[in-house]
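*Asks:* Mind having a look at this structure? Questions to follow.
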Amino acid sequence: MNYSILHVITTIDLGGAEKQLLTLAACQKEAGFDVEVIFLKDKPTLLQDFLGLDVKVDLDFAQLGFLKQWFKLKRREFQENSVVHAHLPRAELLCALSLKPKSFIVTRHNSEAFFTKCPAIISKLLSRFVLRRSFASISISKAVANYLKTSGEMSGKQNNHVIYYGIKDTSVSSRSYPLVVSRPILLGTVSRLVPQKNIPLLLGALKELNSQASPGFNLTIVGCGPLEANLLSLSADLGIEKMVTWKGQLQEVLSFYRSLDVFVLPSDYEGFGLVLLEAMSQGVPVIARRISAIPEVMGEKHPGLLDSTNPLDLALKIQELISDQNTMRSYLQYQALRLGEFPIEKSQREHERLYLSLLKQTK
């Protein structure tokens, strides 16, 4: 069946949900579908990337307030075989208010409240309203689905599907990784600077590593956010400010991954953790906490999973990885196998099956 796909998303700035939509849209175009994106606010960092894929992008909505966005989408004429797919809370709510019930699909990208800045009861009511109006919802991991159920933001009757993120190339980069790493050792992460990401844990581990008998660890952080000033102050208080480089946002991150000796994700929770796949695809050993969706992505038996929030334990985990060739080899071998579980083509096929179910019920 020939049909078109309209993705409505809150932003097309840099972020896991936005980058994944870019990858999914590229795969959908390759599969022969007509794909369009509406974004609602903020700077369109990924605009040229979407246009380069011949994906249409409607620029008009971002210039409007929510009420005008509602009016514009409500009046929009759709082709007979059109699928509307909403991503992130503002876009989901807009579709729920503008479109006919059961005429659109939503994806939940985060293990957190629908609207984090309002009381929990309001967030739950809005979340359930949107999901009740949707034909079906997608959770990007079992952890997200479980959060939605246990938090009360999704009813037990919701038509929900788990569809994992995917990447274009599931083969590991040809980068030659030294099994014996020379100093200084470069640690790195890609992260928004927000409480969820628990950057203080990583800064504390860096202090521990450089307090040992043979210091020589540096850290580079890619990302920005409201906690930047606080984290800069913390690194100074810990006496490690000269060992930390703050890169801000980078649109091209693959070369950054290749520059690292170890990638660390210290988050308290993740809806998926696309950065884990990105780092693994570049042949970088990954360490992250055994929490929320992280074991789903890395694999339950990944040797880099950390069962602690103690900076010393993280430091010891990093030191163990760097010091032992067999440990290093086990990380890289496990990751190479794990990547094969997440091709974007698999994700696209699962989306397509759900889209076809939506179109059949509208006939």
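*Asks:* Answer yes or no: is there a residue in the range 54-66 that is in a strand (DSSP E or B), touching a Ser or Thr at 6+ places or on another chain (Cβ under 8 Å) and closer than 16 Å to His7 by Cβ.
*Replies:* Of the range 54-66, the ones in a strand (DSSP E or B) are 56-58.
Narrowing the set further to residues that are touching a Ser or Thr at 6+ places or on another chain (Cβ under 8 Å) leaves none.
There is no residue in the range 54-66 that is in a strand (DSSP E or B), touching a Ser or Thr at 6+ places or on another chain (Cβ under 8 Å) and closer than 16 Å to His7 by Cβ.
Residues are listed down the side, and each one gets a yes or a no for (1) free of Cβ contacts under 8 Å to residues at least 12 places away in the same chain; (2) in a helix (DSSP H, G or I); (3) over 28 Å from the mean Cα position of the chain (by Cα):
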| residue | (1), (2), (3) |
| --- | --- |
| Leu202 | no, yes, no |
| Glu208 | no, yes, yes |
| Thr220 | no, no, no |
| Pro226 | no, no, no |
| Leu232 | no, yes, no |
| Lys242 | yes, yes, yes |
| Lys247 | no, no, no |
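*Asks:* On to the next question. Among the residues of the range 297-306, how many are more than 17 Å from Leu187 (Cα to Cα) and either surrounded by 20 or more Cβ atoms within 10 Å (Cβ to Cβ) or not assigned by TED's automatic domain parsing to the domain that holds Gln212 (or both)?
*Replies:* Going through the range 297-306 one residue at a time, the tally reaches 3.
*Asks:* Here is a further query. Pick from Gly204, Gly271: which is of a type outside the set (A, V, I, L, M) and either surrounded by fewer than 17 Cβ atoms within 10 Å (Cβ to Cβ) or under 25 Å from Ile344 (Cβ atoms) (or both)?
*Replies:* Working: Gly204 fails: either surrounded by fewer than 17 Cβ atoms within 10 Å (Cβ to Cβ) or under 25 Å from Ile344 (Cβ atoms) (or both).
Answer to the check: Gly271.
*Asks:* Also, quick follow-up: Looking at Ser259, is it under 14 Å from Thr189 (Cα atoms), of a type in the set (Ser, Thr, Tyr), surrounded by fewer than 20 Cβ atoms within 10 Å (Cβ to Cβ) and touching a strand residue (DSSP E or B) at 6+ places or on another chain (Cβ under 7 Å)? So that I can check it myself, show each step before the final result.
*Replies:* Values: under 14 Å from Thr189 (Cα atoms): yes; of a type in the set (Ser, Thr, Tyr): yes; surrounded by fewer than 20 Cβ atoms within 10 Å (Cβ to Cβ): yes; touching a strand residue (DSSP E or B) at 6+ places or on another chain (Cβ under 7 Å): yes.
Here the answer is yes, as Ser259 does meet what is asked.
*Asks:* Related question: Pick from the range 1-31 the residues that are touching a residue at least 12 places away in the same chain (Cβ under 8 Å) and over 21 Å from the mean Cα position of the chain (by Cα): which of them is farthest from Gln249 (Cα to Cα)?
*Replies:* Residues of the range 1-31 touching a residue at least 12 places away in the same chain (Cβ under 8 Å): 1-29, 31.
This time we only want the ones that are over 21 Å from the mean Cα position of the chain (by Cα), so: 1-5, 29, 31.
Working: Met1: 40, Asn2: 38, Tyr3: 36, Ser4: 33, Ile5: 29, Lys29: 27, Ala31: 31 Å.
So the residue we want is Met1.
*Asks:* So, one more: Report yes if some residue within the range 307-326 is under 22 Å from the mean Cα position of the chain (by Cα), outside the structural domain of Leu14 (by TED's automatic domain parsing) and not in a loop (DSSP other than H, G, I, E, B); otherwise report no. Break it down into steps so the answer makes sense when it comes.
*Replies:* Initially, the range 307-326 is screened for residues under 22 Å from the mean Cα position of the chain (by Cα), giving 307, 309.
So of that shortlist, the ones also outside the structural domain of Leu14 (by TED's automatic domain parsing) come out as 307, 309.
Now narrow it down to the ones that are not in a loop (DSSP other than H, G, I, E, B): none.
No.
*Asks:* Still on this model: Can you tell me which residue among Ser292, Ser347, Ser357 is part of a helix (DSSP H, G or I), under 17 Å from the mean Cα position of the chain (by Cα) and farther than 20 Å from Leu260 by Cβ? It would help to see each step written out before you state the result.
*Replies:* Values: Ser292 fails: part of a helix (DSSP H, G or I); Ser357 fails: under 17 Å from the mean Cα position of the chain (by Cα).
None of the others qualify; the one that does is Ser347.
*Asks:* Here is a further query. Please specify each residue of the range 32-52 satisfying the condition of being under 22 Å from Gln251 (Cα atoms), surrounded by fewer than 16 Cβ atoms within 10 Å (Cβ to Cβ) and more than 19 Å from the chain's Cα centre (by Cα).
*Replies:* Residues satisfying the conditions are Gln48, Leu51, Gly52.
*Asks:* Go through the residues of the range 120-141 one by one and say whether even a single one is of a type in the set (A, V, I, L, M), touching a Gly at 6+ places or on another chain (Cβ under 7 Å) and outside the structural domain of Pro295 (by TED's automatic domain parsing).
*Replies:* Residues of the range 120-141 that are of a type in the set (A, V, I, L, M), as a first pass: 120-122, 125-126, 130-131, 136, 138, 140.
Subsequent filtering for residues that are touching a Gly at 6+ places or on another chain (Cβ under 7 Å) retains 140.
Restricting the remaining residues to those that are outside the structural domain of Pro295 (by TED's automatic domain parsing) gives 140.
Checked the range 120-141: at least one residue is of a type in the set (A, V, I, L, M), touching a Gly at 6+ places or on another chain (Cβ under 7 Å) and outside the structural domain of Pro295 (by TED's automatic domain parsing).
*Asks:* Output the residues belonging to the range 73-112 that are over 29 Å from the mean Cα position of the chain (by Cα) and assigned to a helix (DSSP H, G or I).
*Replies:* Within the range 73-112, Lys74, Arg75 meet the criteria.
Residue by residue, here is whether (1) buried (at least 22 other Cβ atoms within 10 Å of the Cβ); (2) touching a residue at least 40 places away in the same chain (Cβ under 8 Å); (3) not assigned by TED's automatic domain parsing to the domain that holds Lys142 holds:
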residue: Gly65; (1), (2), (3): no, no, no
residue: Gln79; (1), (2), (3): no, yes, no
residue: Val83; (1), (2), (3): yes, yes, no
residue: Ala86; (1), (2), (3): yes, yes, no
residue: Leu97; (1), (2), (3): no, no, no
residue: Lys100; (1), (2), (3): no, no, no
residue: Ser103; (1), (2), (3): no, yes, no
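*Asks:* With respect to the numbered conditions (1) among the β-branched types (Val, Ile, Thr); (2) in contact with a strand residue (DSSP E or B) (Cβ under 6 Å, 6 or more places away or on another chain); (3) over 25 Å from Ser281 (Cα atoms), which one is the sole condition not fulfilled by Ile240?
*Replies:* Only one criterion is unmet by Ile240, namely (2).
The values are calculated or read from the model by the stated rules, or taken from the named source; none is laboratory data. This structure is a prediction, so every number in the text was calculated from the model and none was measured. Cβ: placed from backbone, ideal geometry, glycine included. Neighbour counts: every protein chain shown.
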